[in-house]
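Accompanying notes for the structure given below.
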Amino acid sequence: SRTIDRIAAGEVVERPASVVKELVENAIDAGSTAITVEAKEGGIEFIRVTDNGCGIERDQLPTAFLRHATSKIEDADDLNHIASLGFRGEALSSIAAVSRVEIITKRKENLTGTRMVLEGAREQSIDEIGAPDGTTFLMRNLFFNTPVRRKFLKQPATEGSYITDLMEHLALSRPDISFKFVLGNQTRFHTSGNGDLREVIYRIYGREIAAELVPIQIEENGIKVEGYLGKPVLVRSNRNFEIYFINGRFIRSGVIAKAIEEGYKQYLMQHKFPLCVLHITMDTETVDVNVHPSKMDVRFSDGMAFARMLSEKIAITLRNREM
Ligand code: ADP
Ligand code: MG
């Protein structure tokens, strides 16, 4: 593969979880309603993402693996109003540059599908094949041709746990999509895609947690917050279970974390790390979600006002909850 591709790959593909992230975002962008992710050896040796989305036309397939090939930006203005999750046109080329890839894809309107095999971005074969509608992307042997980068990977168990975190967040971000996640030989969760966030929480965290949730719904100054607050019995020892999405995107934010904790504190009279899942929707003028693949940060035009509002509503919701 070309050196430039292997260098570029470093930006997008840092570890197996970043491969999964890019592939699932592509599957979401393709309009899929059901996505299956399977990983083996922490995703280092095997990642398979199967979707039922729009598929790729045979004559588009080699192009999709070229750098900066994207079907998602029509003009420069699109950059400011990006609806799709990934749009840099780098993911497939980057992944293919540092692994062995097989893709099987079929568009609904076609009778047959296409299978393409690449190794270190080099096309090995492309054939017509019978296939279900949608796309199956199989990646093997991550970084087989960049041993230094491979050495920086952690143990499979750790890499697998990164994928698990990611998959949980993806499933929680889209209750309207059915996600099945298999790690090793174990199905970790399977959500229905019926749109019910509580069901997703139940599938991921189990019955005990799903039974101790308080729904929250806020609509104020064009900001919408919807989701579930864990009752105080569910307090955790760290921030990992304070989960929030802004405009569908999983982020980490000191401002929001503190606002959530402050809301609980007003109610509990002591500082705790709660469990919660919140979907925040706000105008893209009000919030700047950094879209760099490795960052999940966010900047508000008026973070203070938002934080105050969120804390207050959380405290009120907890006070008014039905016991
Ligand atoms: P980007 O997502 O930034 O456009 P990618 O390298 O991730 O770039 O993908 C390149 C192109 O391949 C996409 O623009 C899309 O047209 C096509 N593609 C990738 N994955 C899928 C998929 N699962 N289903 C349908 N089309 C896909
Ligand atoms: Mg993409």
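A compact globular protein would have a Cα radius of gyration near 2.2 N^0.38 Å; the ratio found for the chain is 1.05.
Close amide-amide hydrogen proximity is noted between residue 70 and no other residue 5 or more places distant or on a separate chain, at a cut-off under 5 Å (H modeled in the peptide plane; Pro and chain starts excluded).
Result for the chain in a Gaussian network model with C-alpha springs under 10 Å: among 101, 255, 225, the largest mean-square fluctuation is at 255.
Computed over the chain with a Gaussian network model linking Cα atoms closer than 10 Å, the most mobile of 45, 219, 168 is 219.
Checking the cross-link pairs 154/272; 40/258; 180/313; 231/313; 106/154 against a 25 Å limit on the alpha carbon distance flags 154/272; 40/258; 180/313; 106/154 as lying beyond it. A cut-off of 5 Å between modelled amide H atoms, ignoring neighbours fewer than 5 places along the same chain, links residue 236 with 273, 275. Rounded to the nearest 20 debye, the dipole magnitude of region 212-320 is 460 debye, with +1 charges on Lys and Arg beta carbons, -1 on Asp and Glu beta carbons, and the Cα centre as origin. As I understand it, the dipole of region 3-190 uses +1 on the Cβ of Lys and Arg and -1 on the Cβ of Asp and Glu, about the Cα centre. Which of 143, 97, 49 lies farthest toward its positive end? Looking along the dipole axis, the top candidate is 143. Anisotropy class assigned to region 212-320 is prolate, per the alpha carbon gyration tensor with a/c at or over the 1.5 cut-off and a/b larger than b/c.
Values in this text are rule-based calculations from the coordinates and carry no lab data. Values in this document were obtained by computation on a predicted structure and should not be read as measured data. No Cβ is skipped: glycine too gets one built from the backbone with ideal geometry, and neighbour counts run over all protein chains shown.
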